[in-house]
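Visitor: A single structure is presented below for examination.
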Amino acid sequence: MWTHPRAIGLLVGYGLDRVFADPQRWHPVAGFGTTALRVEHVLYRDSRTLGVVHAVALIGSVTALGVGSNRVAVRVGAPAEVALVAAATWAALGGTSLSKVGRQMADQLDNDDLASARALLPSLCGRDPEPLDSDGLARAALESIAENTSDATVGVLVWGALAGVPGILAYRASNTLDAMVGYRSPKYLRFGWAAARIDDVLNLLPARVTGVATVVAAPSVQGSPARALKMWRRDAAQHPSPNAGVAEASAAGALGLQLGGRTQYRHGIEIRPTLGDGHSPTARDLRRSVALSSRVQELSAVASAILAVAIGQARVRRRRRA
């Protein structure tokens with residue numbers, strides 16, 4: 001039963017997230033964010049160098065914690081390793097909470113409760129909700145769900161398969177820092193540069209796994225795999241992010257929508273390239289995006305477990321040959 005503890009731990013952690021969503025108290029990611037904010041208050045200058053120190057110190061510390069705890073678990077035995085991987089996976093995943101907020105947003109838009117929808121939007125993304133109408137809120141939420149399917153679920157699972165607990169913690173720390181300081185605003189353009197670039201590198205593979213899973217999952221939302229692949233290949237590179245473009249363009253194709261355009265953040269306005277050829281998102285499309293996200297998460301969990309098994313078997317073969 002314990003032949004592949006990493007794979008088992010990933011599936012158990014994924015199951016815990018599906019059943020219980022995020023931990024309600026003492027959430028480790030929230031604790032990391034609080035620590036990162038305190039470090040930022042000490043280190044912050046309009047300096048790329050200090051931004052590098054900030055990102056490397058925080059991500060490195062969390063990674064070291066993961067390495068140390070994993071070594072202890074391995075020495076204790078496979079059940080302890082399974083429990084540690086499962087706990088880290090559950091703490092790092094955010095897919096179930098993402099889907100829940102997406103459904104809540106769709107409910108509020110269906111009820112024309114724009115005030116509540118605007119109040120909810122900051123829990124999904126950093127855009128300014130005040131000037132957005134119903135369709136603008138739907139588009140912002142849908143784009144965030146597409147991107148965060150990769151960031152909050154697929155990335156955690158992929159790095160868990162590749163590197164176990166240290167990979168999970170390093171990835172989640174990087175992703176959290178990027179969400180905190182990785183903006184193109186005057187304040188963070190230089191200081192947040194390192195956090196944004198590290199997150200870009202760590203998301204190169206997860207974003208493309210997300211793209212493949214979105215193509216495969218397209219029929220589950222009455223979408224076309226061929227169209228999802230076409231929009232990925234045609235439009236993803238136009239997005240300012242090398243990774244968010246993959247997730248959003250493939251989702252736009254799978255859902256038959258057009259995303260992008262004028263995007264208002266609190267720090268200013270960005271004109272994003274359009275992704276896809278369909279109509280602008282509505283509340284109904286938001287529900288479809290939640291269903292698509294859930295299917296992509298399921299496929300990614302299975303694929304990551306298979307990858308973890310393959311990596312474990314390769315290690316066993318190397319030891320036997322040594």
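Visitor: So, by mean Cβ neighbours within 10 angstrom, what's the order for 118-126, 249-257, 311-319 with the highest one leading?
Guide: Order by mean packing, descending: 249-257, 118-126, 311-319.
Visitor: With runs of 4+ DSSP H residues as the only contributors, calculate the mean residue ellipticity of the chain at 222 nm using -39,500 (n - 2.57) per run, divided by the residue total and rounded to the nearest 500. Don't jump to the answer; show the numbers that get you there.
Guide: Working: 13 runs with 228 residues, N = 322.
One gets -24000 deg cm²/dmol as the mean residue ellipticity at 222 nm.
Visitor: For the chain, with a Gaussian network of springs between Cα atoms less than 10 Å apart, report the residue from Arg288, Arg197, Arg25 with the top mean-square fluctuation.
Guide: Looking only at Arg288, Arg197, Arg25, the largest GNM fluctuation is found for Arg25.
Visitor: Moving on. Give me the net charge of Gln222's neighbourhood, meaning all other residues with Cβ under 13 Å from the Cβ of Gln222; Lys, Arg count +1, Asp, Glu -1.
Guide: That works out to +4.
Visitor: Ok, one more. Any chance you could check the Cα centroid distance between region 271-298 and region 81-97 for me, in angstrom?
Guide: Between the Cα centre of region 271-298 and that of region 81-97, the gap is 26 Å.
Visitor: Here is a further query. Quick one: pull the percent of accessible area on the chain belonging to carbon and sulfur, 1.4 Å probe, ligands and nucleic acids left out.
Guide: Answer for the chain is 60 percent, counting heavy atoms of protein chains only.
Visitor: A further question on this structure: Quick check for you: with a 1.4 Å probe and neighbouring chains kept, what is the accessible area per residue of the chain, in Å²?
Guide: Numbers: 14610 Å² over 322 residues.
About 45 Å² of surface per residue is accessible.
Visitor: Out of Ala247, Ala83, Ala195, any idea which swings most in a Gaussian network model of the chain, alpha carbons joined below 10 Å?
Guide: Sorting by GNM fluctuation, first place goes to Ala83.
Visitor: Then there is this: Put a dot 7 Å past each Cα toward the Cβ at Val316 and Asp277; how far apart are the dots in nm?
Guide: According to this spin-label approximation, the distance is 4.8 nm.
Visitor: Moving on to the next point. Please work out how much accessible surface Thr214 shows to a 1.4 Å probe, ignoring ligands, DNA and RNA, in Å² rounded to 10.
Guide: So the heavy atoms of Thr214 present about 10 Å² to solvent.
Visitor: As an exercise, identify the chymotrypsin sites (Phe, Trp or Tyr not before Pro) in region 5-110 lying in DSSP coil whose Cβ has no more than 11 other Cβ atoms within 10 Å.
Guide: Counting only loop positions with at most 11 other Cβ atoms within 10 Å, the chymotrypsin sites (Phe, Trp or Tyr not before Pro) in region 5-110 are Trp26.
Visitor: Quick check: residue separation of Val76 and Arg45 times 0.36 nm, minus the Cα distance between them. What number comes out in nm?
Guide: 6.8 nm
Visitor: Tell me which residues come under 5 Å, amide H to amide H, from Ser241 once H is placed; ignore anything under 5 positions away on its chain.
Guide: none
Visitor: Please compute one quarter of the surface area of the Cα convex hull for region 16-120 and express it in square nanometres. Intermediate results must be reported in sequence, preceding the final value.
Guide: Numbers: hull surface 38.2 nm².
In nm², the orientation-averaged hull projection of region 16-120 is 9.5.
Visitor: Using θ = phi - 60° and the Karplus form 6.51 cos²θ - 1.76 cosθ + 1.60, what ³J(HN,Hα) does each residue of region 299-311 get, whole Hz, x for Gly and Pro?
Guide: So the J values, rounded to whole Hz, are 4, 5, 4, 5, 4, 5, 5, 5, 4, 5, 4, 4, 5.
Visitor: Quick one: check the C-alpha center-to-center distance for region 1-75 versus region 133-184, whole angstrom.
Guide: 13
Visitor: Okay, moving on. If the label point is 7 Å along Cα→Cβ of Ser116, which residues in region 268-303 have backbone nitrogen under 18 Å from it?
Guide: Answer for this model: 283-284, 286-287.
Visitor: Once the Cβ-Cβ distance between Val302 and Leu205 is put in as r, and R0 is 22 Å, what FRET efficiency do you end up with, to the nearest 0.05?
Guide: The pair Val302/Leu205 has a calculated efficiency of 0.85.
The values are calculated or read from the model by the stated rules, or taken from the named source; none is laboratory data. Only a predicted model underlies this, so the values are computations on that prediction, with no experimental measurement involved. So basically every Cβ, Gly included, is an ideal-geometry build from the backbone, and we count neighbours across all protein chains shown. When the accessible area is computed, the model is the full protein with side chains, heavy atoms only, and any ligands, DNA or RNA have been set aside. Shrake-Rupley method; radii C 1.70, N 1.55, O 1.52, S 1.80 Å.
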